[in-house]
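A short worksheet on the structure shown next.
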Amino acid sequence: MNNHKRTSKGYLSSDIRGNNIGRFRVLFGLIVTFIGLLVFLLGAEPRIFRLDRSPVTGFVQIAVFLVGLAIICIGGYITLNGLWNGDPKTIAADIGLRLVSTGYVIAVAAGMADVLGFGNHKFPDIPYFGPWQASGVILGQAIIALGFLLLIPPRHRRYTVQLEKPEDPRGTGERMPSDINVVID
């Protein structure tokens, strides 16, 4: 499972650490996230791209910004996964991934409430993105942001514990090693 290698400075957690796979993942994830931001903006504010054709936010705009939000979530996950660079993830990171997914489901449910049949404007009416739906999407985005914060790897994942040199229990008078390297996964 974990191939921990001993070096002069401590432990390296995996073979991936030395190459550029993590950098490529981070760069690729940031590009995907930026594309998702553009798609999100196209749906949320089409007038930025001079494509505003309606005074209300309708079904197509809602669908486009939710697709953009999904692309942002995927890109953010790829980026933060690249920062882990092959190290085992913590429980907090696993919870963060689930929070990102849950936040997206909340945002989709709130954004598509009229289409799904539990919004203020039922099917014969034109779907309308109102203040309650906007609040639900913002709540979903806040949960996504919290999940991304939990996905960020801790700054120092390796700890070295310094102890005084204890006497050898065999009574030879020799001292034991002074440092004990502890790997916390």
Original post:
Got a sec? Which of LEU80, LEU66, LEU139 is surrounded by fewer than 20 Cβ atoms within 10 Å (Cβ to Cβ) and part of a helix (DSSP H, G or I)?
Top reply: LEU139
**OP:** Go through the stretch 116-131 and count every residue that is within 14 Å of PHE65 (Cβ to Cβ) and of a type in the set (A, V, I, L, M, F, W, C).
**Re:** 1
Subject >> Filtered residue count, the stretch 145-159, keeping only those that are over 12 Å from ILE95 (Cα atoms), surrounded by 12 or more Cβ atoms within 10 Å (Cβ to Cβ) and at pLDDT below 95 >> reply: 3
Original post:
Can you name the residue in the stretch 29-53 that is outside any helix (DSSP H, G or I) and either of a type in the set (Asp, Glu) or at pLDDT 90 or above (or both) and, of all such residues, is nearest to GLY76 (Cα to Cα)?
Top reply: GLU45
Original post:
Which condition breaks for VAL56 when tested against (1) at pLDDT 95 or above; (2) of a type in the set (Val, Ile, Thr); (3) exposed (fewer than 13 other Cβ atoms within 10 Å of the Cβ)?
Top reply: (1)
Original post:
From ASP114, ASP87, ASP52, which residue is in contact with a His (Cβ under 6 Å, 6 or more places away or on another chain) and either farther than 19 Å from ALA142 by Cβ or touching a residue at least 12 places away in the same chain (Cβ under 8 Å) (or both)?
Top reply: ASP114
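The values are calculated or read from the model by the stated rules, or taken from the named source; none is laboratory data. All figures in this text were calculated on a predicted structure; none of them were measured in a lab. All Cβ positions, even for glycine, are placed from backbone atoms using ideal geometry, and neighbour counts span all protein chains on display.
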